[in-house]
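Colleague: Next up is a structure, given as structure tokens.
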Amino acid sequence: MRIIAGLSLCLVLLLAAASNAAEQDAAELVKQAISTAGGETKLLKLFRMKEQLNVSSDATKKGSVRLSVLEPPKYWWLGKNERVKDEKEPATFLVWAWTLGALTDPQSKIELLPEATEDGVTTLPLRISQSITPPMDLHFDKTEKRLVRIEWRSDIHRFSDWREHDGVKYPAKCVGYKKATGKPWYFSEIVELERLSELPEGLQR
């Protein structure tokens, strides 16, 4: 009985050590990803975005220009209209994720998943839960620690064309794909970005 009890204790200790190591690895990746983007103080919290948006499967279409003011994950104004009708609007959580704000929220539970690949590049995926439902997977380039893919709900979002504004680096292009078919359904490019220090006149939270 003592031998069994001793083995059980060893197993518990080993599992605890493995869990602690995994948490440390996840925390380190979060730190590196945020540093690559310019540091936590430079992350986009409130900003204006001019976007060329093509909602179709045809990448050659020009689409239309959309002007937004965003304060993810709670607010997204299109013109003077607030897009978020409740706190579960999916689009604002995607913005919160690609700006990396979700990684800094104390309510976010973050787990490191096994390595994956994206267009031949090895990625390190982080899963965010509790603050985002259902859990969302963010894939970072293993070498540069840049966000390359988000998998969430029924979609895959692929990011590219990194640019810089006021000390923050961000992916200017995103293509959304349906998991079920693997086909694209939207193409987005940020053509202008402006960090805001306060909410523009005429908008209300």
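The values are calculated or read from the model by the stated rules, or taken from the named source; none is laboratory data. As the structure is a computational prediction, the values presented were derived from the model and not from experiment. Neighbour counts are summed over all protein chains in view; Cβ atoms, including those assigned to glycine, are modelled from backbone coordinates with ideal geometry. Protein only, heavy atoms only, side chains kept; ligands, DNA and RNA dropped before computing areas. Shrake-Rupley method; radii C 1.70, N 1.55, O 1.52, S 1.80 Å.
Colleague: Which one is most open to solvent (accessible area, probe 1.4 Å), of the residues in the range 154-171 that are hydrophobic (A, V, I, L, M, F, W, C) and closer than 18 Å to Glu118 by Cα? Break it down into steps so the answer makes sense when it comes.
Modeller: Our first condition is that a residue be hydrophobic (A, V, I, L, M, F, W, C); within the range 154-171, this holds for 156, 159, 162, 168.
Of the ones still in play, those that are also closer than 18 Å to Glu118 by Cα are 156, 159, 162.
Details: Ile156: 31, Phe159: 25, Trp162: 61 Å².
Only one residue fits best here, namely Trp162.
Colleague: Does Ile110 count as over 20 Å from Lys173 (Cβ atoms), among the aliphatic types (A, V, I, L, M) and over 11 Å from the mean Cα position of the chain (by Cα)?
Modeller: Numbers: over 20 Å from Lys173 (Cβ atoms): yes; among the aliphatic types (A, V, I, L, M): yes; over 11 Å from the mean Cα position of the chain (by Cα): yes.
Criteria met by Ile110.
Colleague: Of these, Val84, Val65, Val30, Val12, which one is out of contact with any Asp or Glu (no Cβ under 9 Å at 6 or more places or on another chain), modelled with pLDDT of 95 or more and of a type in the set (Val, Ile, Thr)? Spell out the reasoning first.
Modeller: On the way: Val84 fails: modelled with pLDDT of 95 or more; Val65 fails: out of contact with any Asp or Glu (no Cβ under 9 Å at 6 or more places or on another chain); Val12 fails: modelled with pLDDT of 95 or more.
Testing whether each residue is out of contact with any Asp or Glu (no Cβ under 9 Å at 6 or more places or on another chain), modelled with pLDDT of 95 or more and of a type in the set (Val, Ile, Thr) leaves just Val30.
Colleague: Give me the pairs: first residue in the range 102-120 and closer than 22 Å to Glu71 by Cα and open to solvent by 90 Å² or more (accessible area, probe 1.4 Å), second residue of a type in the set (Gly, Ala, Ser) and in a loop (DSSP other than H, G, I, E, B), beta-carbon distance under 7 Å, and six or more apart or on different chains, which are they?
Modeller: Close Cβ pairs (under 7 Å, with a partner that is of a type in the set (Gly, Ala, Ser) and in a loop (DSSP other than H, G, I, E, B)) amount to Gln107/Ser131.
Colleague: Let me ask something else about it. If you go through the range 55-80, how many residues are over 23 Å from the mean Cα position of the chain (by Cα) and polar (S, T, N, Q)?
Modeller: 2
Colleague: Now for a separate question. Limited to the range 137-153, what total is found for residues that are open to solvent by less than 60 Å² (accessible area, probe 1.4 Å) and within 20 Å of Lys183 (Cα to Cα)? I'd like the intermediate steps shown before the answer.
Modeller: Residues of the range 137-153 open to solvent by less than 60 Å² (accessible area, probe 1.4 Å): 137-141, 145, 147-152.
Filter once more, keeping what is within 20 Å of Lys183 (Cα to Cα): 137-139, 148-152.
The total comes to 8.
Colleague: Also, quick follow-up: Given the structure, is Thr123 more than 13 Å from the chain's Cα centre (by Cα) and open to solvent by less than 20 Å² (accessible area, probe 1.4 Å)?
Modeller: Working: more than 13 Å from the chain's Cα centre (by Cα): yes; open to solvent by less than 20 Å² (accessible area, probe 1.4 Å): yes.
Yes, satisfied.
Colleague: Still on this structure: State whether one or more residues within the range 163-174 are over 24 Å from Lys45 (Cα atoms) and at pLDDT 95 or above. Show your work before the answer.
Modeller: Going through the range 163-174, the residues over 24 Å from Lys45 (Cα atoms) turn out to be none.
Within the range 163-174, not a single residue is over 24 Å from Lys45 (Cα atoms) and at pLDDT 95 or above.
Colleague: Among the residues of the range 73-90, write down those that are of a type in the set (Gly, Ala, Ser) and in contact with a Ser or Thr (Cβ under 8 Å, 6 or more places away or on another chain). Steps first, answer last, please.
Modeller: Initial filter on the range 73-90 (of a type in the set (Gly, Ala, Ser)): 79.
Correct list: empty.
Colleague: Just one of the numbered conditions (1) touching a residue at least 60 places away in the same chain (Cβ under 8 Å); (2) open to solvent by 30 Å² or more (accessible area, probe 1.4 Å); (3) more than 12 Å from the chain's Cα centre (by Cα) is not true of Ile190; which one?
Modeller: Among (1) touching a residue at least 60 places away in the same chain (Cβ under 8 Å); (2) open to solvent by 30 Å² or more (accessible area, probe 1.4 Å); (3) more than 12 Å from the chain's Cα centre (by Cα), the lone unmet condition for Ile190 is (2).
Colleague: Tell me, which strands (runs of 3 or more DSSP E) wholly within the range 51-149 include 3 or more residues that are under 27 Å from Thr41 (Cα atoms)? Before the answer, list the steps.
Modeller: Numbers: elements: 64-71, 75-78, 109-112, 116-118, 121-129, 136-141.
In the range 51-149, 64-71, 75-78, 109-112, 121-129, 136-141 are the strands (runs of 3 or more DSSP E) which contain 3 or more residues that are under 27 Å from Thr41 (Cα atoms).
Colleague: Are any residues in the range 158-205 under 21 Å from Lys62 (Cα atoms) and assigned to a loop (DSSP other than H, G, I, E, B), and if so, which ones?
Modeller: Within the range 158-205, Lys183 is the sole residue that qualifies.
Colleague: Next question, about the same structure. Could you tell me whether the range 97-104 includes any residue that is more than 20 Å from Arg163 (Cβ to Cβ), of a type in the set (Val, Ile, Thr) and modelled with pLDDT under 95?
Modeller: No, the range 97-104 has no match at all.
Colleague: Separate question: Among the listed residues Leu112, Leu94, identify the single one that is more than 12 Å from Ile132 (Cα to Cα) and either modelled with pLDDT of 95 or more or in contact with an Asp or Glu (Cβ under 9 Å, 6 or more places away or on another chain) (or both). Outline the logic, then answer.
Modeller: Details: Leu94 fails: more than 12 Å from Ile132 (Cα to Cα).
None of the other options fit; the residue is Leu112.
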